[in-house]
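A.B. asks: Sharing a structure, written as C-alpha cells. Questions coming.
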2 protein chains.
Amino acid sequence: MTSPVDIVLAVHGGAGAISKDVISDERERDCHAALAAALRLGYAVLAKGGSSLDAVVASVCSLEDCPLFNAGRGSVLTYDARVRMDAAVMEGKDRRAGAVTNIHGVRNPVWLAREVMNSAHVFLTAEGAVEFARSVNAVFESDEYFITPERLLEWQETSASLAKTSVPAAVGTVGAVALDRDGTLAAATSTGGMVLKRWSRVGDSPVIGAGTYADNRSCAVSATGYGEIFLRAVAAHEVSSRVRHLRQDLESAVDVVLLDVQRLGGEGGMIAIDPTGNVAMRFNSEGMYRGYITGKGHLETKIW
Amino acid sequence: MTSPVDIVLAVHGGAGAISKDVISDERERDCHAALAAALRLGYAVLAKGGSSLDAVVASVCSLEDCPLFNAGRGSVLTYDARVRMDAAVMEGKDRRAGAVTNIHGVRNPVWLAREVMNSAHVFLTAEGAVEFARSVNAVFESDEYFITPERLLEWQETSASLAKTSVPAAVGTVGAVALDRDGTLAAATSTGGMVLKRWSRVGDSPVIGAGTYADNRSCAVSATGYGEIFLRAVAAHEVSSRVRHLRQDLESAVDVVLLDVQRLGGEGGMIAIDPTGNVAMRFNSEGMYRGYITGKGHLETKIW
C-alpha cells in the first residue's frame, strides 16, 4: 500500500452473562466512559502516526487501570484470594509476540508482555516473569491497589456458593486491536482470569493463537470468554486462517469460530480488524463491553 | 468410517544441530533403540485396540524416562541449574487438551498433562501445576533422578561460553502422534526447554496450537525446534488449517509451515499424521531423531 490507510481501533472489556437487570445505570455509564477513554487514548497514538502496537498497549493499559474490568486493578481473585494476571501482545508485520501468565504486583501486565516481546523470548510465566519484570523496571503496586472491595465481595460470595456453580464466569477480560497508518495490525489482551481459579490455571488470553493473534496478511484478534474452550479451538488463529486461506470476510470468520466455540461448550466474543480497516465485534454471550473508533474520530461503545 | 482404520504411530526425540561428527556410534545406537522402544510401547497400546491418546502418552513417557532426550529425566538445566519441564497432550475427536509448564519433580510431565485434560482446565503452570500434580497423586522423583551427569556438564560448559552463543540450542524435545482403530488422532509433546532458560520461559511444546495439536478433521502434530518462532507461527495449528481449509497434503502443509518458521528465523521439525494414516516427519535442521511404526508392525527410526 502506498497511500496511508485509514486508522481504526477497537476495544473490549469482556463478554459473558452481563445482565441488564443487575448492572446499575451508573455502572453502565461508567463502563461506556471507560471504553471511550481507552479508545481515545489508543486513537491519539494512531492519529499522530504512532504504531498499532503502541495504540493497543495504551488502550489496554487504560482498561487495566480501571477497576471496573477484570484485568490489572480490579482483577478477580483466585481460590486463595490473590490476584494472578495474564496478558499478551502481538504485531502483525513480523508476527512478533510477547506474553506473560500468572504474574502479580505488576501494574500493567500488557506493558510487561510488550517487554517480553522485545526480549529473546515470547512467553514467560509466574515467578520467573515477575523476576523479569523487576529486571526491566516494571511499575509495581501493592495488593491494596489491585484488590477492589467489589472483587473481594464477589470472592466471598462465590466461595460460599461454590457448590452451586460449575464453571465460574470470567467477565471483564480486556483487549484491543488496531490498524495504523503503515497498514500494520496489532492485538493485545489482558485478564485476571477466572474467579476462584486454582493451580495457576491459564486461559486463552495470553496464549498466542488462542486469545491473541495478529498477522498483516489476515487480521488482528482479541478474544474473551470461556478460556479453556478458546484454547482448544485455537480461536484467534483460526479466525486468521479462515480469512487468509478461505478468503472469508472477517465477520463471517469470527462467527464461524464462535459457533465452533459454542459447539465445544463455550461462549464469549472476539474483536477483530483486517488490513482494510473492517472491524468485527461479535459474541454469543449475553453481552460484550466493546467499542471502536475510526480514522475520522467516530466513536461508538456498546454492551448488549 | 465403518471399517477399522490402520493404526500408525510416529515419535520424535528432537530436531536441531545434531552433528554426525559429535555423536558417538554408541550414542547413535542408543538413540535408535530408545526411539524403537517408544514406538513399540505405543504400538502395543494401539494393536490391542487402545486409544491414540493412551498410545502417545505411553510413547512419550518412555522417552521422558530415557536420559538421552531433553524431557523428563535428562532435561536440560535452567540458568540456575534446575529442571523445569513442559508438556501437552491433545486428542482429535473432541479436541480435548491438557498442558503444563514449568513443573518440577513430576516424573512424567506428559502424564500430568493428560490429568489436566481430564480436569476442568486445559493449561496449568509452575507451582500451581505442581500442587495439582500432588492432588492427583503424580509420581515424583528427586533432583538426582532428573539431572544427569551429561546435562550438568552441558550446563557448566554452556554457562562458561554464554557470551559466545546468542540462542542456545534446544535439541531433544520429545513427541508422538498416533491414529487408532477408531480413526481418532492424538498428539503429545514433552520438553525440558532451552538450556540456561530464565524467567520461567515457555516454548511452543506445551502451547496448544504451537507445538502440539490434534483434530480428527485434519491431522495430529508434534513440533520441536526454536520454540519462540514456532509460537509466533502457531505452527501445529497452521499445519492443521492448511490440511483442512486448503486440502493440502500433510507433507506439503508441514513443509510450508517449516519454510515460514525458517523465514521468521527459526528451525526445527514436525511429525504429523492424518486420518488416513499418512505420516510426515520433516525438518529443516541438521537432523531429527524420529521413527514410525505401521499397522503391520513395520518400524523405522532415523536421525539424519
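The values are calculated or read from the model by the stated rules, or taken from the named source; none is laboratory data. As the structure is a computational prediction, the values presented were derived from the model and not from experiment. Neighbour counts are summed over all protein chains in view; Cβ atoms, including those assigned to glycine, are modelled from backbone coordinates with ideal geometry. For accessibility, only protein heavy atoms count, side chains too; no ligands or nucleic acids. Shrake-Rupley method; radii C 1.70, N 1.55, O 1.52, S 1.80 Å.
A.B. asks: Return the residues of region B:62-98 that are more than 14 Å from chain A (Cβ to nearest Cβ), among the aliphatic types (A, V, I, L, M) and under 25 Å from B:G277 (Cβ atoms); say none if nothing qualifies.
C.D. replies: B:L63, the sole residue that qualifies.
A.B. asks: A further question on this structure: Going residue by residue through region B:39-50, is there one that turns out to be under 22 Å from B:I103 (Cβ atoms) and out of contact with any strand residue (DSSP E or B) (no Cβ under 6 Å at 6 or more places or on another chain)?
C.D. replies: no
A.B. asks: With the structure loaded, tell me whether A:T125 is under 18 Å from A:V60 (Cβ atoms), facing chain B (nearest Cβ under 8 Å) and open to solvent by less than 10 Å² (accessible area, probe 1.4 Å) or whether it fails that test.
C.D. replies: It is false that A:T125 is under 18 Å from A:V60 (Cβ atoms), facing chain B (nearest Cβ under 8 Å) and open to solvent by less than 10 Å² (accessible area, probe 1.4 Å).
A.B. asks: Any idea which residue in region B:99-108 is farthest from A:P206 (Cα to Cα), counting only those that are open to solvent by less than 10 Å² (accessible area, probe 1.4 Å) and more than 9 Å from chain A (Cβ to nearest Cβ)?
C.D. replies: Among residues in region B:99-108 that are open to solvent by less than 10 Å² (accessible area, probe 1.4 Å) and more than 9 Å from chain A (Cβ to nearest Cβ), the one farthest from A:P206 (Cα to Cα) is B:V106.
A.B. asks: Something else about it: So is A:G277 in contact with a strand residue (DSSP E or B) (Cβ under 6 Å, 6 or more places away or on another chain), at pLDDT 95 or above, surrounded by fewer than 17 Cβ atoms within 10 Å (Cβ to Cβ) and part of a loop (DSSP other than H, G, I, E, B) or not?
C.D. replies: Against the criterion (in contact with a strand residue (DSSP E or B) (Cβ under 6 Å, 6 or more places away or on another chain), at pLDDT 95 or above, surrounded by fewer than 17 Cβ atoms within 10 Å (Cβ to Cβ) and part of a loop (DSSP other than H, G, I, E, B)), A:G277 qualifies.
A.B. asks: Test each condition in (1) touching a residue at least 60 places away in the same chain (Cβ under 8 Å); (2) touching a strand residue (DSSP E or B) at 6+ places or on another chain (Cβ under 8 Å); (3) of a type in the set (G, A, S) for B:G297 and report the one that comes out false.
C.D. replies: Going through the list (1) touching a residue at least 60 places away in the same chain (Cβ under 8 Å); (2) touching a strand residue (DSSP E or B) at 6+ places or on another chain (Cβ under 8 Å); (3) of a type in the set (G, A, S), B:G297 breaks only (2).
A.B. asks: Which of the numbered conditions does A:D80 fail, given that it passes all the others? Conditions: (1) more than 27 Å from B:A210 (Cα to Cα); (2) at pLDDT 95 or above.
C.D. replies: (2)
A.B. asks: Yes or no: region B:204-224 includes at least one residue that is open to solvent by 20 Å² or more (accessible area, probe 1.4 Å) and among the hydroxyl-bearing types (S, T, Y).
C.D. replies: No - not one qualifying residue is present in region B:204-224.
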